[in-house]
Amino acid sequence: MTCEACTTASHNPATGRFHADCPECKARALAQGRELFESKRAGIKSPEYAKALSQVFGEGNEEAGHARVREWAKKIRQHQKGTTT
Ligand SMILES: [Zn+2]
């Protein structure tokens, strides 16, 4: 948790608040984004999603970034299922 928006996200992962300079927020934004959604639907990383990963996390860090995006996606899913804490 590195910024105010991340603090909000720790209570509400589905928040629409993002901080532009925060890598954690960017991971969270990708977790809510169309690129990941399309990739999941297709069952592969879409070129758009792969591009977004390298833009956000840097070339060579895509897999680490993807892992973080997946963690956020999981938190958001659990939150939406109604585990309101
Ligand atoms: Zn943040």
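The values are calculated or read from the model by the stated rules, or taken from the named source; none is laboratory data. Predicted model only: the values in this text are computed from it and were never measured. Every residue, glycine as well, gets a Cβ built from its backbone with ideal geometry; the counts of neighbours run over all protein chains shown. SASA here: full protein model, heavy atoms, side chains in, ligands and nucleic acids out. Shrake-Rupley method; radii C 1.70, N 1.55, O 1.52, S 1.80 Å.
General observations
- Surface composition of the chain: carbon plus sulfur atoms contribute 50% of the solvent-accessible area (1.4 Å probe, protein chains only, all chains present).
- Estimated from helical segments only, the mean residue ellipticity of the chain at 222 nm is -20000 deg cm²/dmol, where each DSSP H run of four or more residues counts as -39500 (n - 2.57).
- Relative contact order of the chain, defined on C-alpha pairs under 8 angstrom at six or more residues apart (%): 29
- Spacing of the modelled spin labels on Ala42 and Ser54, each 7 Å from Cα toward Cβ, amounts to 1.4 nm.
- Calculated FRET efficiency, Ala64 to Thr8, Cβ-Cβ distance, R0 = 30 Å: about 0.80 to the nearest 0.05.
- Partner lysines whose Cα lies under 18 Å from the Cα of Lys74, excluding those fewer than 8 positions away in the same chain, are identified as Lys26, Lys40, Lys45.
- When only alpha carbons are used to place a centre, region 1-18 and region 45-82 end up 16 Å from one another.
- Per the Debye formula on identical point scatterers at the alpha carbon atoms of the chain, with no solvent, log10 I(q)/I(0) at q = 0.24, 0.26 Å⁻¹ is -1.19, -1.31.
- Cβ-defined net charge surrounding Val56, 15 Å radius [Lys, Arg +1; Asp, Glu -1]: -1
- Averaged per residue, the chain has 65 square angstrom of accessible surface, using a 1.4 angstrom probe with ligands and nucleic acids left out.
- The GluC sites (Glu not before Pro) of region 1-63 that meet both conditions, a loop assignment by DSSP and at most 15 other Cβ atoms within 10 Å of the site Cβ, are Glu59.
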